[in-house]
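> Sharing a structure, written as structure tokens. Questions coming.
The values are calculated or read from the model by the stated rules, or taken from the named source; none is laboratory data. What you see is a predicted model, and the numbers here were worked out from it, not measured in a lab. Neighbour counts run over all protein chains shown; Cβ positions are idealised from the backbone, glycine included. Ligands, DNA and RNA are excluded from the accessible area calculation, which covers all protein heavy atoms including side chains. Shrake-Rupley method; radii C 1.70, N 1.55, O 1.52, S 1.80 Å.
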Amino acid sequence: MDVVVIDPHDAAAFDAWFDVLHVTDLERWPDKPGWQRAERLAWALSTDGAEEHRCLAVYGPDGAVLGIADLEMFRLENTHVARVDVRVLPEARRRGVGRAIMAEVEGLALGAGRTELGGMDEVPVRAGFVDPGAPFAESLGFASAQHLVRRSINLPVPAALMQALAFSPKAAPAGYSLITFRDRWPDEFITDRCELGRRMSTDIPMGEQDLDEEVWDEQRVRRMEAEIAAQNRSKLTTAAHHDATRTLVAFTEVAIPLGAPSSSWQHDTLVMREHRGHGLGYAVKVANLAAVMETYPDVRTISTWNAAENEHMIAVNEEIGFEVVAHSTYWLKKLG
């Protein structure tokens, strides 16, 4: 077996890499479109984003790709951390493919000065799915650092239920107003966006991870928006405006893959600590859900992930109608 870091500019090499990703996506979620090529290629080609992505492939004796990995390393904060998404074709498992690629991943991470390597394992709740990830991670010396739960909601939400959600008193908290927009964060609230980005790194549960406080400015926000466009994605955001201070103090966002909008994804949701207890999480989520259905009628599911200890946000999601579809573990290993 030969393990190499592929050049994402090489279309044939990247297609072979992506084929393995797509096959293993379908193995886990056969009724979903999975990652789109444009999304992962944009990551791999990014030279100035907050994260660097290196695509590794394991080639067998006949030149076929047997397994892949995406090694993610942070460029701004958390330069001690690397993360990996490793996949092996079902027919190539138990032949040392995963171990070969992980050995290369660990070497690259150490060479880049990383002291922690992490990765996510997701297990659908459907009967019959056998998860190879947990025993593989444990055999390589990884330990569980956080448990997360994936929930999904089916769209369109029935009209009667949507009306009940929208007319709940919690949908219009006193002293706050809601704004909804697509793709570009409004210029007049860019300072608020930077503060919300910083607080996402300090105010949410992180389990056993030791992560840095993030520094945000307008350049970082606009670069992130350009990366989303390069992925052929759109994003809908609803934010809560605190009328007394004229600042945005909560937000939620959903990303829509334009090439496969049926499956869309919850990105960040945050209510600043000092504004919790007013129903803002519920309000922004219900408003944004309505905006997704109106703007992108082809969306059929939205998936969200919550740390198992994030009881408040879990309660909000379940009240809106999200249901558990998978359990995830974030695995962590100290390097060196």
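> Determine which lysines satisfy two conditions relative to Lys235: a Cα distance under 28 Å, and not lying fewer than 8 residues away in the same chain.
Straight-line reach from Lys235, under 28 Å: Lys32, Lys170, Lys285.
> Run the simple label-point estimate for Asp62 and Ser139 please: 7 Å along Cα→C-beta, distance reported in nm.
Here the answer is 2.4 nm between the modelled labels.
> Related question: Compute the angle between helix 97-111 and the longest alpha-carbon principal axis of the chain, please, reported from 0 to 90 degrees and rounded to the nearest 10.
70
> Still on this structure: With each run of n ≥ 4 DSSP H residues scored as -39500 (n - 2.57), what mean residue ellipticity at 222 nm is computed for the chain after dividing by its residue count and rounding to the nearest 500 deg cm²/dmol?
Working: 9 runs with 107 residues, N = 336.
-10000 deg cm²/dmol, from helical runs alone.
> Which value, in Å² and to the nearest 10, is the accessible area of Met120 when all protein chains are kept and the probe is 1.4 Å?
100
> Subtracting the Cα-Cα distance from 0.36 nm times the residue separation, let me have the gained length for Ala174 to Val123 in nm, one decimal. Write down the numbers at each step before the final one.
Values: separation 51, 0.36 × 51 = 18.36 nm, distance 4.03 nm.
The span from Ala174 to Val123 would gain 14.3 nm if fully extended.
> Let me ask something else about it. Considering only protein heavy atoms and a 1.4 Å probe, what is the carbon-and-sulfur percentage of the accessible area of the chain? Intermediate results must be reported in sequence, preceding the final value.
Working: 8150 of 15260 Å².
Carbon and sulfur: 53 percent of the exposed surface of the chain.
> To continue, here is another question. Rounding to the nearest 10 and keeping the result within 0 to 90°, find how far the Cα-based axis of helix 280-295 lies from the longest principal axis of the chain.
The answer is roughly 80 degrees.
> Tabulate in residue order the Karplus-calculated ³J(HN,Hα) for region 249-266, using 6.51 cos²θ - 1.76 cosθ + 1.60 with θ = phi - 60°, rounded to whole Hz; enter x for Gly and Pro.
Working through the residues one at a time gives 10, 7, 7, 8, 9, 10, 9, 10, x, 5, x, 8, x, 4, 10, 10, 9, 5 Hz.
> Return one whole number: the accessible area per residue of the chain in Å², for a 1.4 Å probe. Don't jump to the answer; show the numbers that get you there.
Values: 15260 Å² over 336 residues.
On a per-residue basis, the chain sits at 45 Å².
> For the chain, give the share of DSSP beta bridges that are antiparallel, in percent and rounded to the nearest 5; count only bridges with both residues there. Each step should come with its number before you reach the end.
On the way: 67 of 73 bridges.
About 90 percent, rounded to the nearest 5.
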